[in-house]
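To start, the structure under review is shown below, and the notes come after it.
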Amino acid sequence: MAKTKQVAEATEGLQTVRININGTDYARAVEPRLLLVHFIRDVAELTGTHVGCETSNCGACTVLLNGRSIKSCTMFAVQANGAKIETIEGMAKGGQLHPIQQAFWDNHGLQCGFCTPGMIMQAYWFLKENPNPTDDEIRMGLAGNLCRCTGYQNIVKSIKAAAKEMRD
């Protein structure tokens, strides 16, 4: 009887969350303290969004929430209830890489790749806001996303190339 009671107590505080991720609806009862990044990775099973620092410093968990760039490690899943989220898995369409993804590939904008999904998602949002950025504007636009492997030169080069491709 004690086990049944413990299970009842454990599920008592759950809240149902409904989130659209990359065009697919997900509904799940979750603990109110579940971070959005863990909902994306563990519930939706979309592991391209990475957990880096869990303090919002690195940007590896960057996704778009209702069209705005956010760090999913700083938001609870219940706060995203009813939202539309875009992750790195939603970028490619019909087997074709998004121009930003292709530019990172073509211009060697990654090394280990851990930060790359967050960088690409931030770049995607940034280029919607500023389709013709300077190198300095790109660096400022990526200020919340850290890469420990590169000197950012090829990341900036990749985003510049993607911006040109997306304008043309």
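All of the numbers you see were taken from the coordinates with simple rules; none came from a lab. On a predicted model such as this, the values are computed, not experimentally measured, just so you know. Cβ: placed from backbone, ideal geometry, glycine included. Neighbour counts: every protein chain shown.
At-a-glance table
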{"item": "Kirkwood-based Rg to Rh ratio, the chain, C-alpha trace", "result": "1.06"}
{"item": "Which listed pairs, of 128/160; 71/128; 84/128; 71/164, have C-alpha distances above 24 Å, in listed order", "result": "71/164"}
{"item": "Karplus 3J(HN,Hα) series, Hz, for segment 97-103 with 6.51 cos²θ - 1.76 cosθ + 1.60 (x for Gly, Pro)", "result": "4, 5, x, 5, 4, 4, 5"}
{"item": "Computed E for residue 47/residue 15 - FRET, C-beta separation, R0 35 angstrom, nearest 0.05", "result": "0.90"}
{"item": "Loop trypsin sites (Lys or Arg not before Pro), segment 11-80 (other Cβ atoms within 10 Å of the site Cβ: 11 or fewer; DSSP)", "result": "33"}
{"item": "Amide H contacts under 5 Å for residue 75, placed H, 5+ residues apart", "result": "36, 37"}
{"item": "From phi via Karplus (6.51, -1.76, 1.60), per-residue ³J(HN,Hα) for segment 84-93 in Hz, x at Gly/Pro", "result": "10, 10, 10, 10, 4, 5, x, 6, 6, 10"}
{"item": "Per-residue ³J(HN,Hα) for segment 107-115, Karplus 6.51 cos²θ - 1.76 cosθ + 1.60, θ = phi - 60°, Hz, x for Gly and Pro", "result": "9, 6, x, 8, 10, 6, x, 5, 7"}
{"item": "Summed residue charge, Cβ within 9 Å of residue 19's Cβ, Lys/Arg positive, Asp/Glu negative", "result": "+2"}
{"item": "Hull volume in cubic angstrom per residue (convex hull over the Cα atoms of segment 97-163)", "result": "71"}
{"item": "Average silhouette area of segment 46-91, convex hull of alpha-carbon atoms, in square nanometres", "result": "3.1"}
{"item": "Nonlocal amide H pairs with residue 21, under 5 Å, H built at 1.01 Å", "result": "26, 85"}
{"item": "Principal axis box of segment 2-89, alpha-carbon based, largest edge first, Å", "result": "44, 27, 19"}
{"item": "In segment 98-157, trypsin sites (Lys or Arg not before Pro) in a DSSP loop with at most 14 other beta-carbon atoms within 10 Å", "result": "148"}
